[in-house]
2 protein chains.
Amino acid sequence: MKIAIIGLGLIGGSMAKAIKENTSHTVYGYDKNDTVEKKALLLGAIDEVLTDEILSQCDLTLIALYPQAAVDFIRKKQEIFKKSSIVLDCCGVKRIVCRQVEPIALKQGFVFIGGHPMAGLEHSGFDHAKKALFKDASMILTPTKGSIQDVEKVKDLFTAIGFTNIQIATPEEHDQMIAFTSQLAHVVSSAYIKSPAAMKHQGFSAGSYKDLTRVAKLNEDMWTELFLDNPEFLTEEIDGIARRLEEYSRAIKDRDAETLRALLKDGREKKAFIDGEIF
Amino acid sequence: MKIAIIGLGLIGGSMAKAIKENTSHTVYGYDKNDTVEKKALLLGAIDEVLTDEILSQCDLTLIALYPQAAVDFIRKKQEIFKKSSIVLDCCGVKRIVCRQVEPIALKQGFVFIGGHPMAGLEHSGFDHAKKALFKDASMILTPTKGSIQDVEKVKDLFTAIGFTNIQIATPEEHDQMIAFTSQLAHVVSSAYIKSPAAMKHQGFSAGSYKDLTRVAKLNEDMWTELFLDNPEFLTEEIDGIARRLEEYSRAIKDRDAETLRALLKDGREKKAFIDGEIF
């Protein structure tokens, strides 16, 4: 296949490196920063810099931009994508992208599949991209049109570059679950680190603290856009945990050991159930 | 030295194994469950089962019980501890223990040092105890009386069994910091897992979700006691994060990108500062 990759940041750059490493597909790359394109070329992460002419021949276009930029790119290039080729975005929110892109795809005769590679780092940009980023990761696909063969085609590609878990979901299911598993984690981690006690904790640092604050180190531009593209599901999660936290606080203030123990037991059991340890 | 270890659970059992592995001290162990004592003896984690007579000859007594049980044990055996010997508890809260034990130590002529080994597992009991549990861990000591030589003596022991960071704090400083670095983490993790979305997240599981919910798998009896021994500092932390979470929720509901970005940026910068990446 001829594969175009739009945006050679952490995700796009890693896709390029992983595809070159693990498959014999030809990779064409585009980045708004031409120094990045040159670096990708020099390092062999891409075979050639992408042009509109090449794009019109590509069988698969992977778009690794922020959501609005991804939609804008597809809108701008809609007449250039090869008919029946697949266009797949890698954005962390799916409804807002799919909703806008699907009518364009239908009109122009290309196949659009929403995608979300569940992989990341606390760093961004091509310099941190690595061919093993997707090893054992999950890829969520939100295909709503297109044939099973098309989905199989991208599934094979993603499996070849390291993903071990390919999930199919609707854009809505995706956005609801991601609000809980990823977006809420970033909000909580960010809120956690801002305790006045944090500034003097050196040396007391426990493993639990490290886990709870790891993702506070985030790219605020990207996450602001992702959060504002998923406001209902995310605020439902934030308000939910804030409400639940108050239950613990209340039980402790009341010195109510029985309630506190029950709250903790419930959490332990839910965690064990979700992790598949009890049924 | 002759070392007595009271309570051969995860912490006491690991102390026993680590001391036997790394030093030539003699270890005597006591557990309320005599099957555990026999197992510890068979596995060579202790040299002998502890008796009152042996306790009266020990140079150091490590108490690895829950806080109330630790205080009760010391009160009961106060006349047996060897004069000038060191008694050190391993409880996760320090004011409530130190406050009660220090007058007893003064009266009976033994040296009491509060201790908190910052190590643990999601499992408890002797069967999970391991000699490497304290590798690269922090040990917090809260000595308020006693000589520098006594503190040096326990410091040398803890360094020999793997601790790489020995911190000295007042019991109050300890309890405030632990409320933030450890207790709050357990409360947040427990509250996090209870989202209604959690039950259907399988396959979407991101690394951030895993980190945020790891310590939800806790021993509710132990943590209920620890939380209720530190209610003011802990509820201050819980209420603080709940309040901060509302700021994010408000900004998202208002579609206020500027405020949201500033909240996230502040968290990222605080995290980087605390981790020593910016100054």
### Task
Would you check if A:Asp127 is acidic (Asp, Glu) and on the phi > 0 side of the Ramachandran plot?
no
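Can you pull out the residues in the range B:48-75 that are part of a loop (DSSP other than H, G, I, E, B) and either under 24 Å from the mean Cα position of the chain (by Cα) or in contact (Cβ under 8 Å) with a residue 40 or more places away in the chain (or both)? If you could, list the steps in order and put the result at the bottom.
Filtering the range B:48-75 for residues part of a loop (DSSP other than H, G, I, E, B) gives B:50-51, B:56-59, B:64-66.
Passing the criteria: B:Leu50, B:Gln57, B:Cys58, B:Asp59, B:Ala64, B:Leu65, B:Tyr66.
What's the total number of residues in the range A:157-173 that are in a helix (DSSP H, G or I) and either facing chain B (nearest Cβ under 8 Å) or out of contact with any helix residue (DSSP H, G or I) (no Cβ under 8 Å at 6 or more places or on another chain) (or both)?
Residues meeting the conditions: 3.
Of the residues A:Arg243, A:Arg255, which single one is closer than 18 Å to B:Glu237 by Cα, open to solvent by 50 Å² or more (accessible area, probe 1.4 Å) and under 28 Å from the mean Cα position of the chain (by Cα)? Explain how you work it out, then say what you get.
Details: A:Arg255 fails: under 28 Å from the mean Cα position of the chain (by Cα).
The unique qualifying residue is A:Arg243.
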### Query
If you take the residues in the range B:233-265 that are within 7 Å of chain A (Cβ to nearest Cβ) and acidic (Asp, Glu), which one is nearest to A:Ala185 (Cα to Cα)?
B:Glu246
### Task
Could you figure out which of (1) in contact with a Phe, Trp or Tyr (Cβ under 8 Å, 6 or more places away or on another chain); (2) within 14 Å of chain A (Cβ to nearest Cβ); (3) not charged (D, E, K, R) isn't true of B:Leu88?
(2)
### Message
Residues to consider are A:Ile86, A:Ile104, A:Ile113; find the one that is open to solvent by 10 Å² or more (accessible area, probe 1.4 Å) and hydrophobic (A, V, I, L, M, F, W, C).
### Response
A:Ile104
#### Entry: Selection status of A:Asn230, more than 8 Å from chain B (Cβ to nearest Cβ) and either at pLDDT below 95 or closer than 30 Å to A:Lys145 by Cβ (or both)
yes
### Task
Taking the residues in the range A:266-279 that are open to solvent by less than 80 Å² (accessible area, probe 1.4 Å) and part of a helix (DSSP H, G or I) as candidates, determine which candidate is farthest from the other protein chains (Cβ to nearest Cβ).
A:Glu269
#### Entry: A:Thr181 vs. criteria within 19 Å of B:Glu237 (Cα to Cα) and either of a type in the set (A, V, I, L, M, F, W, C) or open to solvent by less than 10 Å² (accessible area, probe 1.4 Å) (or both)
no
### Query
Can you pull out the residues in the range A:186-201 that are part of a helix (DSSP H, G or I), modelled with pLDDT under 90 and not small (Gly, Ala, Ser)?
A:Met199, A:Lys200
### Summary
By residue number, the members of the range A:22-75 that are open to solvent by 60 Å² or more (accessible area, probe 1.4 Å) and hydroxyl-bearing (Ser, Thr, Tyr) are A:Ser24, A:Tyr30, A:Thr35, A:Thr51, A:Tyr66
### Query
Is there a residue being in the same structural domain as B:Ala160 (by TED's automatic domain parsing), under 22 Å from B:Ile161 (Cβ atoms) and of a type in the set (A, V, I, L, M) anywhere in the range B:66-78?
yes
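Just checking, how many residues over the range A:159-178 are open to solvent by 70 Å² or more (accessible area, probe 1.4 Å) and of a type outside the set (D, E, K, R)? Before the answer, list the steps.
Filtering the range A:159-178 for residues open to solvent by 70 Å² or more (accessible area, probe 1.4 Å) gives A:159, A:164, A:168, A:172-173.
Narrowing further to those that are of a type outside the set (D, E, K, R): A:159, A:164, A:168.
The total comes to 3.
Within the range B:15-45, can you find the residues that are under 19 Å from B:Ala69 (Cβ atoms), part of a loop (DSSP other than H, G, I, E, B) and touching a strand residue (DSSP E or B) at 6+ places or on another chain (Cβ under 9 Å)? Break it down stepwise before answering.
Step one: of the range B:15-45, the residues under 19 Å from B:Ala69 (Cβ atoms) are B:15-16, B:28-37, B:40.
Cutting the leftovers down to part of a loop (DSSP other than H, G, I, E, B) gives us B:31-33.
Selection gives B:Asp31 alone.
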### Query
Does the range B:189-198 include one or more residues that are among the polar types (S, T, N, Q), within 7 Å of chain A (Cβ to nearest Cβ), touching a Leu at 6+ places or on another chain (Cβ under 8 Å) and open to solvent by 30 Å² or more (accessible area, probe 1.4 Å)?
no
### Message
Of the residues B:Thr159, B:Thr164, B:Thr142, B:Thr170, only one is in contact with a Pro (Cβ under 8 Å, 6 or more places away or on another chain), more than 30 Å from A:Glu269 (Cα to Cα) and without any contact (Cβ under 8 Å) to a residue 60 or more places away in the chain; which?
### Response
B:Thr142
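Say whether the condition of being crowded, with 20+ Cβ neighbours inside 10 Å and not small (Gly, Ala, Ser) is met by at least one residue in the range A:145-153.
Just the residues of the range A:145-153 that are crowded, with 20+ Cβ neighbours inside 10 Å, to begin with: none.
No; the residues of the range A:145-153 include none that is crowded, with 20+ Cβ neighbours inside 10 Å and not small (Gly, Ala, Ser).
Here's a check for you: in the range B:92-101, which residue that is among the aliphatic types (A, V, I, L, M) and over 18 Å from B:Leu60 (Cα atoms) is surrounded by the most Cβ atoms within 10 Å (Cβ to Cβ)? First the steps, then the outcome.
The first filter runs over the range B:92-101 and keeps only residues among the aliphatic types (A, V, I, L, M), leaving B:93, B:96-97, B:101.
If we keep only those that are over 18 Å from B:Leu60 (Cα atoms) too, we end up with B:93, B:96.
Numbers: B:Val93: 26, B:Ile96: 20.
Looking at the filtered set, the residue picked out is B:Val93.
I'd like the residue in the range B:125-143 that is open to solvent by less than 70 Å² (accessible area, probe 1.4 Å) and assigned to a loop (DSSP other than H, G, I, E, B) and, out of all such residues, is nearest to the other protein chains (Cβ to nearest Cβ).
The qualifying residue nearest to the other protein chains (Cβ to nearest Cβ) is B:Ala137.
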### Test result for B:Ser195, among the small types (Gly, Ala, Ser) and farther than 25 Å from A:Ala197 by Cβ
yes
### Summary
Restricted to the range A:216-225 and to residues being in a helix (DSSP H, G or I) and open to solvent by 10 Å² or more (accessible area, probe 1.4 Å), the residue nearest to the other protein chains (Cβ to nearest Cβ) is A:Glu220
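The values are calculated or read from the model by the stated rules, or taken from the named source; none is laboratory data. Keep in mind it's a predicted model, so treat the numbers as computed, not measured. Methodologically, a virtual Cβ is constructed for each residue, glycine included, from the backbone with ideal geometry; neighbour enumeration extends over all protein chains shown. Ligands, DNA and RNA are excluded from the accessible area calculation, which covers all protein heavy atoms including side chains. Shrake-Rupley method; radii C 1.70, N 1.55, O 1.52, S 1.80 Å.
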